[in-house]
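Participant: Got a structure for you, questions after.
Laboratory data are not the source of any read-out in this text; all were calculated from the coordinates shown. These numbers come from a predicted model, not from an experiment. Note that we place each Cβ from the backbone using ideal geometry, even for glycine, and neighbour counts take in every protein chain shown.
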Amino acid sequence: MNIDLTEQELAFQKEVQDFFANDFPKDIKDKQDKGIYLKKDDHIRWQKALYNKGWAGINWPVEHGGTGWTATQKYIYANEAAKANAPRIVPFGLTMVAPVIFTYGNDEQKQRFLPDILASNVWWCQGYSEPNAGSDLASLKTKAVRDGDHYIVNGTKTWTTLGQHADWIFCLVRTDDTGRKQQGISFLLIDMKTPGVSVHPIITIDGTHEVNEVHFEDVRVPAENLIGQEGQGWTYAKVLLTHERTGIARVAESKALLASLKRMVNSDNDQLMNMKDNAVFMTRLIEAEIELKALEYTELRVLSAVSTGKAPGPESSILKIKGTEIMQLLNELFVEVAGIYALPYVPEQYQDGFEGDTVGPRFAPKTSATYYNNRKVSIYGGTNEIQKNIISKQVLGL
Amino acid sequence: MDFSLNDIQEMMRDSASKFIQKEYDFETRRKLSKSEDGFSQKNWELFAELGWLALPIDEDQGGIGGTVLDTIILQEELGKGLVVEPYFPCILLGANLINSFASDEQKEALLGPILEGSKKITLAHSEGHSPFDISQIKTVAEKTNNGFVINGKKSVVLNAQHADELLVVARTSGNTGDKSGLSVFVVSKDHPGLSIRGYETNDGLRAGDVTFVNVTLGAEAVLGTLDDAFGPVQKVLLEGIVNLAGEAVGIMEKLVDLTGEYLRIREQFNAPIGKFQALQHRCADMFMEKEQAKSMLYFAAIETAKQNDDYEKACAMLKVRIGNAARFVGQQAVQLHGGMGVTDELSVGHYFKRLTTLNAMLGSRDYHLNELVKSA
Ligand SMILES: Cc1cc2nc3c(=O)[nH]c(=O)nc-3n(C[C@H](O)[C@H](O)[C@H](O)COP(=O)(O)OP(=O)(O)OC[C@H]3O[C@@H](n4cnc5c(N)ncnc54)[C@H](O)[C@@H]3O)c2cc1C
């Protein structure tokens, strides 16, 4: 048992730190530090900076331009990225669809899609959930009917994150509704510009436009956009979920949040309550810190098992549950620190170009928006209830 | 022992629940909230007609003479409708303070138009560093030859932008932390040197930051007696805690109902999700939290209405218990609605947001629990 970094790893850490000091676009860093909402172009520029460094494909195999990093390197990178307040990588292309394509796609598909994903030239979104297929994803109904060398797609996908920016959507569609419901599902890539695709915004409780409903009306999709075998989409999607699990605990981000929370608490801002002397609040904060440390080691144990060749098993659901619970708790503690300045709703002060005095301390009003918005993290990616079902059934055999 | 409602309380409950049902569905509320003022003056005048504005005001001032035992009943119903009209800040805080603290002349001049619905007065007590304990405030009113000069800033004053006048709590003598030496001033919102930065709040209501730069006032601007405002304001704030708790209980009732309804109709895995025992237990927990919160509400309301020795402590206990329940019920209501729970479209998220802001007002759960620990 040992978690000391080797000399090479320390050198790598230094390299990552240098990257964030020099190559992370300054204006984007500034926006992040001020809590300004990022635009599409900001995400792309930041991801291209990573790409230029050769670090865009963190979980990709080297042959496709991936980093080939060890678990420890990924851990180091994640911590430095969070410390630098870097934006999350928009996961749909780089983290979600790419592994399916490089694992199950044919050569033509790999050549056609992977380079543009790696370079963030093309924006992807994820079309799994439907109005009536959430937790029970396998009951999805969006239909793809073969017609010559095309599929004709009809149906509705929902909760499509950042679909308003997307060029492409990867979908689970039903190509057969006779057998077991998991069996007739296929994995299809659809160009969002195809006639019949329409995107309709859904506004979330923090007042932002992050998710969408995507409608498909007689959308003609070339059959060559099918990944792997017809009817195998469910299996592929499950493999993808394993990839998604890497980093799902978001430990590094929570560590950075905790550090920033402590800075707020110690800032002696005269517009805020003195929280340092509030033993009840401080108890909650320290308990969050303890829980986070435990989770960090839980994650390291899972990662180390993975690096010795074991696939992350169902026990990694613990990462999703605990990771989201801690993040949500930290969001809540920020609201507590903001005090009554958590009340004002002033989205304009978090838009690019806002100049002038903020209402309350700069960070304060946004704490509510973040707290509200992040109620999603225990809902998406398989709800925490579903994760507990997985643990109780697949780990505990109940 | 008797927890049944008296005639006035029944009347209030009926009129409020009818109003919400007939004229305040969620879409109507949404429109009001998004409108320029954020509420309807017509509704406000209706509240006057229904006697709601008069409820906590003494009978000899033209009011109904109700206590918190009466106002919480109304508040529960208003909570269920997520009512955006400024009943809490302008009546339960502002008018309430005038009623209990103002001189007879001041009551005469101020309460009439308030009860008619033609004038609004809000309470400007809170400052970012001290939203509840007014002994800590930094806004100062310095004595001059013929009056006072106010300097300072009030934070997140509810409906500041809609008030004709503000009741401004300021230090007139003594030092930070002293209970004596605090006074309340009646200041017109147009007064030179006073500026209001109004905004919407996260729960779809309105508030503003109010800045005072050499606001010069005559001695007649002092509400009630000089230097003696701590007790009366503190009492109004404690009653405020009870009243906010009433609203929170109404909201939690609604959330428990809405969530139950949703679990009965939403199907996944070929069954209503309410068939899953994990969710049944969660709902049962929500229900119990709500009931415990309600019991605490009645306890603190009775103590407060009677002004029992320990009523202050009862109010702090209430804020803690309500805070715990509101957090659990609000978060779980959203969680059990899945993705729908985090949409702006559904009312659930809006009830959740209101519960969150109620916690931050007048000292949060963490604040009051810490005070209880310190004094234990
Ligand atoms: C902000 C946001 C972004 C999202 N982004 C995307 C995206 O980009 N692409 C995409 O495809 N999807 C996305 N999703 C969808 C997400 O994956 C679903 O919301 C999630 O799977 C839950 O489905 P549901 O919302 O239909 O809730 P439901 O499945 O209806 O669940 C409602 C409640 O019932 C519980 N429940 C359901 N079944 C059981 C059970 N068997 N036992 C116990 N409890 C149960 C759930 O845990 C939940 O609390 C996103 C969702 C959100 C909120």
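Participant: Expressed as a rounded percentage, what relative contact order does segment B:237-321 have, with Cα pairs under 8 Å and six or more residues apart?
Facilitator: Relative CO of segment B:237-321 lands at 37 percent.
Participant: What range in chain B is the longest one free of chymotrypsin sites (Phe, Trp or Tyr not before Pro) that are in a loop by DSSP and have at most 16 other Cβ atoms within 10 angstrom? Intermediate values should be presented prior to the final figure.
Facilitator: Working: sites that count: B:Phe3, B:Phe269.
The longest uninterrupted stretch comes out as B:4-268.
Participant: Another one. Over all directions, the average projected area of the alpha-carbon convex hull for chain A comes to how many nm²? It would help to have the intermediate numbers written out before the result.
Facilitator: Details: hull surface 84.9 nm².
If you wrap the Cα atoms of chain A in a convex hull and average its projections, you get 21.2 nm².
Participant: Something else: Per residue of segment A:387-398, in order, report the coupling 6.51 cos²θ - 1.76 cosθ + 1.60 (Karplus, θ = phi - 60°) as ³J(HN,Hα) in whole Hz, putting x for Gly and Pro.
Facilitator: Running phi through 6.51 cos²θ - 1.76 cosθ + 1.60 with θ = phi - 60° gives 4, 5, 4, 5, 4, 5, 7, 8, 9, 8, x, 8 Hz.
Participant: Kirkwood Rh and Cα-based Rg: tell me the resulting Rg over Rh for the protein assembly as shown, rounded to two decimals.
Facilitator: Values: Rg = 28.7 Å, Rh = 28.4 Å.
Using only Cα positions, Rg/Rh for the protein assembly as shown is 1.01.
Participant: Something else now. In whole angstrom, note down how far apart the Cα centers of segment B:326-376 and segment B:251-294 are.
Facilitator: Going from one Cα centre to the other spans 17 Å.
Participant: Still on this structure, I have one more. State, to one decimal in nm, how far the label point of A:Ala305 lies from the label point of A:Ser392, with both points 7 Å from Cα in the Cβ direction.
Facilitator: Going from the A:Ala305 label point to the A:Ser392 one covers 2.1 nm.
Participant: Would you be so kind as to identify all helices of chain B, as entire DSSP H runs, whose Cα atoms reach 24 Å or more along the helix's own axis and whose mean Kyte-Doolittle hydropathy is at least -1.0?
Facilitator: Values: long enough: B:230-265 (52 Å, 0.64); B:277-306 (44 Å, -0.33); B:311-336 (36 Å, 0.17).
Counting only whole DSSP H runs, the qualifying helices are B:230-265, B:277-306, B:311-336.
Participant: Also, quick follow-up: Mind giving me the nanometre distance, one decimal, between the label points for B:Asp344 and A:Asp218, set 7 Å out from Cα along Cα→Cβ?
Facilitator: 3.4 nm
Participant: Arrange the peptides A:329-338, A:52-61, B:355-364, A:105-114 so that the one whose residues have, on average, the most other Cβ atoms within 10 Å appears first. Mind showing how you got there, number by number?
Facilitator: On the way: A:329-338: 22.6, A:52-61: 17.6, B:355-364: 24.3, A:105-114: 15.5.
Going by the mean number of other Cβ atoms within 10 Å, highest first, we get B:355-364, A:329-338, A:52-61, A:105-114.
Participant: While we're here: Can you tell me the length gained on complete extension of the stretch B:Asp2 to B:Ser35, counting 0.36 nm per residue apart and subtracting the Cα distance? Present the calculation step by step, with values, prior to reporting the outcome.
Facilitator: Working: separation 33, 0.36 × 33 = 11.88 nm, distance 4.30 nm.
Extra length from B:Asp2 to B:Ser35 when fully extended: 7.6 nm.
Participant: Where a ≥ b ≥ c are the square roots of the eigenvalues of the C-alpha gyration tensor, would you call segment B:122-228 rounded, which needs a/c under 1.5, or, failing that, prolate if a/b is larger than b/c, or oblate?
Facilitator: Details: a/c = 2.08, a/b = 1.37, b/c = 1.52.
Because a/c hits 1.5 or more and a/b fails to exceed b/c, segment B:122-228 counts as oblate.
Participant: Starting from 0.36 nm per residue, how many nanometres of slack lie between B:Glu108 and B:Phe299 once their C-alpha separation is accounted for? List each step's numbers first, then the result.
Facilitator: Working: separation 191, 0.36 × 191 = 68.76 nm, distance 3.39 nm.
That pair, B:Glu108 and B:Phe299, stretches by 65.4 nm at full extension.
Participant: Shifting gears a bit: Which residue, B:Val168, B:Val184, B:Val149, has the most motion in a Gaussian network model of chain B that connects Cα atoms within less than 10 Å?
Facilitator: Most flexible of the set in this elastic network: B:Val149.
Participant: Right, here's the next one. Could you work out the equivalent-ellipsoid semi-axes for segment A:124-233, taking the square root of 5 times each eigenvalue of the Cα gyration tensor, largest first, in whole Å? Intermediate results must be reported in sequence, preceding the final value.
Facilitator: On the way: eigenvalues 105, 53, 22 Å².
After scaling each eigenvalue by five and taking roots: 23, 16, 10 Å.
Participant: In this model, which of A:Lys31/A:Lys157; A:Lys14/A:Lys110; A:Lys29/A:Lys157; A:Lys181/A:Lys255; A:Lys34/B:Lys313; A:Lys83/A:Lys320 are farther than 29 Å apart at the alpha-carbon? Could the numbers behind the result be given before it?
Facilitator: On the way: A:Lys31/A:Lys157 32 Å; A:Lys14/A:Lys110 33 Å; A:Lys29/A:Lys157 34 Å; A:Lys181/A:Lys255 41 Å; A:Lys34/B:Lys313 40 Å; A:Lys83/A:Lys320 21 Å.
Check vs 29 Å cut-off fails for A:Lys31/A:Lys157; A:Lys14/A:Lys110; A:Lys29/A:Lys157; A:Lys181/A:Lys255; A:Lys34/B:Lys313.
Participant: Positive end of the charge dipole of segment A:7-89 (Lys, Arg +1 and Asp, Glu -1 on Cβ, about the Cα centre): tell me which of A:Gln17, A:Ile76, A:Ala86 has its Cα farthest that way.
Facilitator: Farthest towards the positive end: A:Ala86.
Participant: Please compute P(r) over all alpha-carbon pairs of segment A:7-89, binned at 5 Å starting from zero, and give each bin as a whole-number percent.
Facilitator: 3, 14, 25, 26, 18, 9, 4, 1
Participant: With +1 on each Lys and Arg Cβ and -1 on each Asp and Glu Cβ, and nothing else charged, work out how big the dipole of segment A:12-84 is about its Cα centre, in Debye to the nearest 20. Kindly include the intermediate steps, with their values, before the conclusion.
Facilitator: Details: 12 positive and 10 negative charges, 41 e Å.
That gives a dipole near 200 debye.
Participant: For chain B, what's the relative contact order in percent, using C-alpha pairs closer than 8 Å and at least 6 residues apart? Mind showing how you got there, number by number?
Facilitator: On the way: 671 pairs, mean separation 56.5, N = 376.
Relative CO of chain B lands at 15 percent.
Participant: In whole angstrom, note down how far apart the Cα centers of segment A:237-304 and segment A:322-383 are.
Facilitator: 15 Å
Participant: At R0 = 22 Å, how high is the FRET efficiency between B:Asn151 and B:Ser173 if r is their beta carbon distance? Nearest 0.05 is fine. Can you show the working numbers first?
Facilitator: On the way: r = 15 Å, r/R0 = 0.69.
After rounding, the FRET efficiency stands at 0.90.
Participant: For segment B:7-120, take every pair of Cα atoms, bin their distances at 5 Å starting from 0, and report each bin as a whole percent.
Facilitator: The calculated distribution, bin by bin, is 2, 12, 24, 24, 19, 11, 6, 2, 0.
Participant: How much of the DSSP bridge set in the protein assembly as shown is antiparallel, in percent, rounded to the nearest 5? Don't skip to the answer; put the middle values down first.
Facilitator: Values: 66 of 79 bridges.
Just about 85 percent of them are antiparallel.
Participant: By the gyration tensor of its Cα atoms, with a ≥ b ≥ c the square roots of the eigenvalues, what is the shape of segment B:204-344: rounded for a/c under 1.5, prolate for a/b over b/c, or oblate? Walk me through the numbers before you get to the answer.
Facilitator: Working: a/c = 4.63, a/b = 2.04, b/c = 2.27.
Oblate is the answer for segment B:204-344, as a/c is 1.5 or above yet b/c matches or exceeds a/b.
Participant: Going 7 Å from the Cα of B:Glu10 in the Cα-to-Cβ direction, what parts of segment B:33-74 have a backbone nitrogen less than 17 Å from that spot?
Facilitator: B:70, B:73-74
Participant: Give me the compactness ratio for chain B, meaning the Cα radius of gyration over 2.2 N^0.38 Å.
Facilitator: On the way: Rg = 20.9 Å, N = 376, 2.2 N^0.38 = 20.9 Å.
Compared with the compact-globule rule of thumb, chain B sits at 1.00.
Participant: Then there is this: Lysines near B:Lys153 by alpha-carbon distance under 23 Å, same-chain residues fewer than 8 away left out - which ones?
Facilitator: Leaving aside lysines fewer than 8 places away in the same chain, those within reach of B:Lys153 are A:Lys366, B:Lys120, B:Lys138, B:Lys143, B:Lys179, B:Lys189, B:Lys235.
Participant: Determine the shape class of segment A:245-395: with a ≥ b ≥ c the square roots of the Cα gyration tensor eigenvalues, call it rounded for a/c under 1.5, and otherwise prolate if a/b is greater than b/c, oblate otherwise. Don't jump to the answer; show the numbers that get you there.
Facilitator: Values: a/c = 2.47, a/b = 1.93, b/c = 1.28.
It is prolate, given that a/c is not under 1.5 and a/b is the larger ratio.
Participant: Determine the shielding of peptide A:200-211 by partner chains: average, over its residues, the number of Cβ atoms on other chains within 10 angstrom of each Cβ.
Facilitator: Values: counts 0, 0, 6, 3, 7, 13, 5, 4, 1, 1, 1, 3.
Shielding by partners across A:200-211 averages 4.
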